[in-house]
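Participant: Before I ask anything, let me first share the structure, which is written out below as structure tokens.
What follows is calculated from the coordinates using simple rules that are stated; it is not laboratory data. The structure displayed is predicted, hence computed values, not measured ones. We place every Cβ from the backbone using ideal geometry, glycine too, and count neighbours over all the protein chains shown.
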Amino acid sequence: MEAYRETVMKLGFGLQPVVEALNKALEENPEAPAVIHNDKVRSYRQLCESAQNIATQLTEMAILPGERLALDIPRSIALYELMLGCLIAGVSFMSLPRGFDKSEQIQEAKRANCVGILTDTELPLNGGLSLRGIGTFWKLPESNRGLVRSDIAGDEVYCVRTSGTTGEPKIVPIMRGQLSSFLENSQKALKIDLYAKWLWTHDLSFDYAIWETFGCLVHCGCLVVLDENKKRDARSTQRLMAKAGINVLSVTPSEFRYLFSSEAGSVNWEDYPLTEILFAGEKLSTSTFSSFFNQLDKAKVRLINAYGPSETTVFCATHVVTKGDLALESIPIGKPFPGIKFELLNSNDLEAENLELNGADVQDLEFGELKICGAQVFAGYEGGEPLTDGYQSGDICRLDEQGRFVFIGRSSGYQKINGFRVEPYEIEEYLQSHEKVDEAVVWVENTSNQGDLLLACVRGCRDVELSTRELRLACSKLPPYLRPSRYRLFDDKQWPINERGKTDRMSLRRSMYEQEEY
């Protein structure tokens, strides 16, 4: 047992929640399952033993503390052990998107100053070294080791590559202090039971996976790995959840709608011993869960809306959904975690007239761009200027009467059509207020022959008939410049979801051109 305690201490260095959880698990029940993948099980004792072995191998490969390692490993017990092994060895990790081809992976790893790539496939590089039970380490000869370390050398735990939907992708480094704050805050704010079973749904390139893995760990839980092929099959995922007895499910709203769509069959919530369903990554609308709310409420399943950019370490505010929230147009993102400060910045670009839709006058409401300060906030993008005065999120929020923050849209979302400024997010909100609409995506299209047009892709609620005529009639109440010119309707099965489990807005834009009539 002393050997495992030594491992736990090495995992420390600012990650006290992890130290305390592993000490607790090793003292109370070291043979309790820590992670399950199909028919494979690792106990907490085996998990610590494997992590220490991996850390030793990383050191033998001359991967030094403070260096950054690019990972191309699918969700698995091996990846979970590797993440802990990197913690012990003081090596930061960054997951490469699984959709990248080999040349793209190499270029992305070089751009991020990674010392090399650890993958389960062959790469066109020389001198691959085998990491037993994991894959092969391919060193990048052009890597700049000195550029990886910060002023607090060796203190980076992981970094995440932003999606790039609002510009060029950026590298967001997360330090041990920031991750420790997140884990401590989420424990205090959410109060999830110890020893629960958590489902690992997301690829490590999406930092929601940090919550699933390390969140499970600090709650002494058992992590159940969901294969990618099962994730793409809603019924297979449902069967796994029931068989494994999943208690904590973390999903994006798009994933929840897909997982429990009408095509996936009727849902008997008594089959699932769920205690929490946590939503993050996208704006949460009531239509996502309204048809299930009474059943989930009766089963005492907490629905939690979580908010936070990657720059603030996964998420930094939560709100437990209540029955009263069903009457709201937008589910609140709640209040910030302890030690996190939210500030609404006033801006001349945020004129109240632009936030008046459907007769809602917000002139008397406090709203603005959300600035976030606190221990969870990152120190600045890789290669960029240091962050010294909080993170301006680019998200427009307002305060409701109960002091909760409500997401409105993006500050960069204002665009002009024929001289009028419009906010596509506000039009999306208006469309989603229609009783038959589950989700809407709206954008401005600049055309050479017809000028600027508002286009809308809309997903109808399950088991209802929706027509473009109904949408046009509903939008006739809006000023003419706020009415979409064209619509395309989708059902749950057709609605595209990207690798991070979010609505694929680029795919929706491409699909609009495939439609001949609107």
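Participant: When the dipole is taken about the Cα centre of the chain, and only Lys, Arg (+1) and Asp, Glu (-1) are charged at their Cβ, what size is it in debye, to the nearest 20?
Facilitator: Around 820 debye, computed over the chain.
Participant: Only bridges whose two residues both fall in the chain count here: according to DSSP, what percent of them are antiparallel, nearest 5?
Facilitator: Details: 54 of 83 bridges.
In the chain, approximately 65 percent of DSSP beta bridges are antiparallel ones.
Participant: Nearest 500 deg cm²/dmol is fine: what mean residue ellipticity at 222 nm does the chain get from its DSSP H runs of n ≥ 4 alone, each adding -39,500 (n - 2.57), divided by its residue count?
Facilitator: Details: 15 runs with 147 residues, N = 518.
About -8500 deg cm²/dmol.
Participant: Then there is this: Report, in debye and to the nearest 20, how large the dipole of segment 177-413 comes out about its Cα centre when Lys and Arg carry +1 and Asp and Glu carry -1 on their Cβ.
Facilitator: The dipole magnitude comes to about 1240 debye.
Participant: Given a Förster distance of 30 angstrom, what is the FRET efficiency for residue 193 paired with residue 493, based on the Cβ-Cβ distance and rounded to 0.05?
Facilitator: Efficiency, from the Cβ-Cβ distance: 0.30.
Participant: Pairs to check: 40/300; 230/436; 102/231; 40/170; 24/231. Give those whose C-alpha atoms are more than 26 Å from each other in this structure.
Facilitator: Beyond 26 Å: 40/300; 230/436; 40/170; 24/231.
Participant: Here's something else I'd like to know. Modelled label-to-label distance, residue 129 and residue 270, 7 Å Cα→beta-carbon offset: nm?
Facilitator: 5.7
Participant: Would you list, by chain and number, the lysines whose Cα falls below 17 Å from the Cα of residue 371, excluding same-chain residues fewer than 8 positions away?
Facilitator: Here the lysines satisfying the reach criterion relative to residue 371 are 335, 341.
Participant: Against the longest alpha carbon principal axis of the chain, how many degrees, from 0 to 90 and to the nearest 10, is the axis of helix 102-111 turned?
Facilitator: Helix 102-111 and the main axis of the chain meet at about 80 degrees.
Participant: Shifting gears a bit: Describe numerically, in nm with one decimal, the distance between label points set 7 Å from Cα along Cα→Cβ at residue 236 and at residue 102.
Facilitator: With each label placed 7 Å out from Cα toward Cβ, I get 2.6 nm.
Participant: Return 228, 20, 426 ranked ascending by Cβ neighbour count within 10 Å, so the fewest neighbours appear first.
Facilitator: Taking fewest neighbouring Cβ atoms as first place, the list is 228, 20, 426.
Participant: Put +1 on the Cβ of each Lys and Arg and -1 on the Cβ of each Asp and Glu in the chain; which of 315, 181, 107 then has its Cα farthest toward the positive end of the dipole?
Facilitator: Of the options given, the answer is 107.
Participant: Note down the net charge around residue 239, summing +1 for each Lys or Arg and -1 for each Asp or Glu among other residues with Cβ under 10 Å from its Cβ.
Facilitator: +1
Participant: Now for a different question. For the residues 373, 86, 48, 220, what sequence is obtained by ranking on other C-beta atoms within 10 Å, fewest first?
Facilitator: With the sparsest Cβ surroundings first, the list reads 373, 220, 86, 48.
Participant: Which one, 508, 126, 454, projects farthest toward the positive side of the charge dipole computed for the chain from Cβ point charges (K/R +1, D/E -1)?
Facilitator: Sorting the options by dipole projection puts first 126.
Participant: Roughly how many debye, to the nearest 20, is the charge dipole of segment 415-514 about its Cα centre, given +1 on each Lys and Arg Cβ, -1 on each Asp and Glu Cβ, and no other charges?
Facilitator: Dipole of segment 415-514, to the nearest 20 debye: 300 debye.
Participant: Output the 0 to 90 degree angle, nearest 10, between the alpha-carbon long axis of helix 234-244 and the longest principal axis computed from the alpha carbons of the chain.
Facilitator: Computed tilt is about 50 degrees.
Participant: For the chain, find the longest principal axis of its Cα atoms and tell me its angle to the long axis of helix 16-28, 0 to 90°, nearest 10.
Facilitator: The angle comes out near 60 degrees.
Participant: So if R0 is 22 Å, what FRET efficiency would residue 60 and residue 110 give, r being the distance between their Cβ atoms, rounded to the nearest 0.05?
Facilitator: Rounded to the nearest 0.05, the efficiency is 0.40.
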